[in-house]
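Working notes, structure below.
Just so it is clear, none of the values below were taken in a lab; they were calculated from the coordinates. Bear in mind the structure is a predicted one, so any value in this text is a computation, not a measurement. Counting neighbours? That spans all protein chains shown, and the Cβs are built from the backbone with ideal geometry, glycine included.
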Amino acid sequence: MSSEKVEVVRRILAAFNAGDADAMRTLWTADGEWRPAFTGGGLVEDAVYRGHEALSDYVAIQGEAWERVVADPVTLRELGDRVLVRVDLDAIGRASGIPLHQVTWAVFEMRGGRAAVGRVYTTEQEALEAVGLTEP
């Protein structure tokens, strides 16, 4: 059985996949912070989206860059107040039509039943280190 924290992360990814910024707002704290590895059509180092309005902007940017983008949670693991998730990201570029498949790992820090901080890593090792683990 999934924990409440894991279910919130599942719902965040489902809202992202649906492009539903309103649903995203209900799942994040008012000061929620999202640090993606990918923004729009490419890598953006140190991009940070803070607060509900910024999270809505992030969802909108994805819709502008991608014809279709799906973040599929493959494995989710609760680690205290954090959730570690392996995500298979599949997208099709809006302008190019080029498909993208990328495996990423995300760590969500939870507070009061909502996500307070989320960060995406491009390697499993980086994500494991972020949660204080050395092995999966």
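Couple of notes before you dig in:
- Think of it as helices only: each DSSP H run of n ≥ 4 in the chain is worth -39500 (n - 2.57), and spread over all residues that comes to -10000 deg cm²/dmol at 222 nm.
- Nonlocal amide H pairs with GLY93, under 5 Å, H built at 1.01 Å: GLU67, ILE98, LEU100
- Computed with the Debye formula from one identical point scatterer per Cα of the range 4-130, without solvent, the log10 of I(q)/I(0) at q = 0.14, 0.15 Å⁻¹ comes to -0.54, -0.62.
- Neighbours of THR123, meaning other residues whose beta-carbon lies under 13 angstrom from its beta-carbon, give a summed charge of -1 when Lys and Arg score +1 and Asp and Glu score -1.
- The range 57-136 versus the range 1-24: alpha-carbon centroid distance in Å: 12
- Across the chain, the relative contact order, built from alpha-carbon pairs under 8 Å that are at least six residues apart, equals 24 percent.
- Taken about its Cα centre, the chain carries a charge dipole of roughly 220 debye when the Cβ of each Lys and Arg holds +1 and the Cβ of each Asp and Glu holds -1.
- Helix axis angle, 51-65 relative to the chain longest principal axis, alpha carbon, degrees: 40
- Counting neighbouring beta carbons within 10 Å and listing from fewest to most, the residues ILE12, ILE92 come out as ILE92, ILE12.
- Rounded tilt (10° steps) of 4-18 against the dominant C-alpha axis of the chain: 0
- Counted charge near PRO99, where neighbours are those whose Cβ lies closer than 11 Å (Asp, Glu -1; Lys, Arg +1): -1
- The range 48-122: C-alpha gyration tensor shape, a/c 1.5 cut-off, then a/b vs b/c: oblate
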